[in-house]
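S.K.: The following block contains the structure, expressed as structure tokens.
The values are calculated or read from the model by the stated rules, or taken from the named source; none is laboratory data. Since the model is a prediction, treat every value here as computed from it, not as a measurement. A quick note on method: Cβ atoms are made from the backbone with ideal geometry, for glycine too, and the neighbour counts reach across all protein chains shown.
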Amino acid sequence: MKNTRFALSWIGFALLAGSFVTVAAFAQAPSSTDPQVAFNNHCRTCHSAQPGDNRLGPALHGVMGRKAGSVEGYSYSPGFKTTDLVWNDANMDEFIANPNSVFPGNNMATFAGLKDAGDRKAIIEYLKSLK
Ligand code: HEC
């Protein structure tokens with residue numbers, strides 16, 4: 001009898017723990033337009049938000065309002081080296097939608113552009129927060 005009770009309380013515990021995990025998973029379910037989640041999903045493979053942390057792409061800390069192609073120590077493709085473009089909402093939106101339309105032949109390589117305007121807006125919001 002004692003053993004059965006012991007076993008039942010373990011089953012109860014397991015069920016309880018299981019439901020906690022489920023609740024936690026739901027609580028963290030990302031909305032597609034959460035700025036940081038959108039950035040993590042689409043950009044973080046190649047970009048860090050930390051200053052000076054160049055990965056495959058240049059660090060994006062402080063990028064809004066900055067001259068394009070100006071992160072120190074990062075080797076940009078030729079289009080970036082000669083540009084006078086300063087990043088703002090409009091040109092960043094265009095760049096994220098279609099990098100080649102702003103800098104033809106850029107090195108963003110496999111990143112073909114993000115079609116979802118809501119995600120682009122969220123990402124620009126996130127970039128603005130990196131100060
Ligand atoms: C496949 C890797 C990759 C992904 C994914 C990627 N990038 Fe890039 N990004 C790069 C590379 C490489 C460069 C440098 C381009 C060059 O030199 O031509 C770059 C350059 C940039 C620049 C120019 C920075 C400057 O200093 O002027 C911005 C802005 C940028 N990316 C934003 C983004 C955003 C926002 C996303 C997500 C929507 C993103 N990138 C996704 C690789 C990537």
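S.K.: Failed condition for Asp84, given (1) more than 6 Å from the ligand (Cβ to nearest atom); (2) under 23 Å from Asp34 (Cβ atoms); (3) touching a Lys or Arg at 6+ places or on another chain (Cβ under 8 Å), with all others met?
M.R.: Asp84 satisfies all of (1) more than 6 Å from the ligand (Cβ to nearest atom); (2) under 23 Å from Asp34 (Cβ atoms); (3) touching a Lys or Arg at 6+ places or on another chain (Cβ under 8 Å) except (2).
S.K.: Hey, another quick one. Residue check: is Met92 modelled with pLDDT under 95, within 11 Å of the ligand (Cβ to nearest atom), within 19 Å of Cys46 (Cα to Cα) and surrounded by 12 or more Cβ atoms within 10 Å (Cβ to Cβ)?
M.R.: no
S.K.: I would also like to ask the following. Restricting attention to segment 104-116, and to residues there that are free of Cβ contacts under 8 Å to residues at least 60 places away in the same chain and within 6 Å of the ligand (Cβ to nearest atom), which single residue is surrounded by the fewest Cβ atoms within 10 Å (Cβ to Cβ)?
M.R.: For segment 104-116, the residue satisfying everything is Thr110.
S.K.: Limited to segment 82-131, what total is found for residues that are under 15 Å from the mean Cα position of the chain (by Cα), part of a loop (DSSP other than H, G, I, E, B) and closer than 18 Å to Ala49 by Cα?
M.R.: Number of matching residues: 3.
S.K.: Right, here's the next one. Here are some conditions: (1) more than 15 Å from the chain's Cα centre (by Cα); (2) near the ligand (Cβ under 7 Å from one of its atoms); (3) in contact (Cβ under 8 Å) with a residue 12 or more places away in the chain. His47 meets all but one. Which one does it not meet?
M.R.: Unmet for His47, out of (1) more than 15 Å from the chain's Cα centre (by Cα); (2) near the ligand (Cβ under 7 Å from one of its atoms); (3) in contact (Cβ under 8 Å) with a residue 12 or more places away in the chain: (1).
S.K.: Name the single residue that is nearest to the ligand (Cβ to nearest atom) among those in segment 64-81 being over 20 Å from Gln50 (Cα atoms) and outside any loop (DSSP other than H, G, I, E, B). Can you show your working first?
M.R.: Step one: of segment 64-81, the residues over 20 Å from Gln50 (Cα atoms) are 77-81.
In the following step, the residues that additionally are outside any loop (DSSP other than H, G, I, E, B) were identified as 78-81.
Details: Pro78: 8, Gly79: 6, Phe80: 5, Lys81: 8 Å.
The selected residue is Phe80.
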